[in-house]
Amino acid sequence: MRLSKSKPFNRDHQGYTLIELIMVIIILGILSAVAIPKYIDLQTEAKTAAANGVLGAAASACAINYAARQTKQTPPPAITSCDLLQGAIDSSGVTITTGGSGQCDVTINLSIYSFTLAGETAASPCKVTRVASRWPVP
């Protein structure tokens, strides 16, 4: 009787070993542990930069409105409130509302930043000043 030879053992790589899969999971975990805090920091910096842009636009709107009131025959209304300031600037995606204590609140993606508004007078334009406690430094 003749014994048949069995097929030789196939040593071609057919998949990944458990060790290789565990190493990939560990590397992904380390990368995510580093990347997520950095992403959150970038979000905060972007919101603060957007709020600074709104503050600059508000200051510019005050100066432009004051100049228009001095030179036009039919001047625009003086900016004396947050609502009038909201109408004077192009702030798409940003909401300016009247907050507590005469402050204006700027809402950007659920984050609220506050500034004070000194109304326009005959001698000077309105003035915006950020409230330090409601304006985090990046």
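The values are calculated or read from the model by the stated rules, or taken from the named source; none is laboratory data. If you're wondering where the values come from, they're calculated on a predicted model, not measured in any experiment. Quick reminder, even Gly has a Cβ in these numbers, built from the backbone with ideal geometry, and neighbours come from all protein chains shown.
Tell me whether the stretch 78-85 contains one or more residues that are modelled with pLDDT of 80 or more and among the hydroxyl-bearing types (Ser, Thr, Tyr). If you could, list the steps in order and put the result at the bottom.
As a first pass, look at the stretch 78-85 and keep what is modelled with pLDDT of 80 or more: 78-85.
Okay, now just the ones that are also among the hydroxyl-bearing types (Ser, Thr, Tyr), so 80-81.
For the stretch 78-85, residues modelled with pLDDT of 80 or more and among the hydroxyl-bearing types (Ser, Thr, Tyr): present.
Exactly one of (1) outside any strand (DSSP E or B); (2) buried (at least 16 other Cβ atoms within 10 Å of the Cβ) is unmet by residue 117. Its number? The failed condition is (1).
Can you find a residue that is loosely packed, with under 11 Cβ neighbours inside 10 Å and in contact with a helix residue (DSSP H, G or I) (Cβ under 7 Å, 6 or more places away or on another chain) anywhere in the stretch 66-88?
Restricting attention to the stretch 66-88, the residues satisfying the condition of being loosely packed, with under 11 Cβ neighbours inside 10 Å are 70-74.
Now restrict to residues that are in contact with a helix residue (DSSP H, G or I) (Cβ under 7 Å, 6 or more places away or on another chain): none.
Checking the stretch 66-88: not a single residue is loosely packed, with under 11 Cβ neighbours inside 10 Å and in contact with a helix residue (DSSP H, G or I) (Cβ under 7 Å, 6 or more places away or on another chain).
Taking each residue of the stretch 25-48 that is closer than 29 Å to residue 107 by Cα and looking for partners that are modelled with pLDDT under 85 and not in a helix (DSSP H, G or I) with beta-carbon atoms closer than 7 Å, six or more apart or interchain, yields 44/138; 45/138; 47/108; 47/109; 47/111; 48/136; 48/138.
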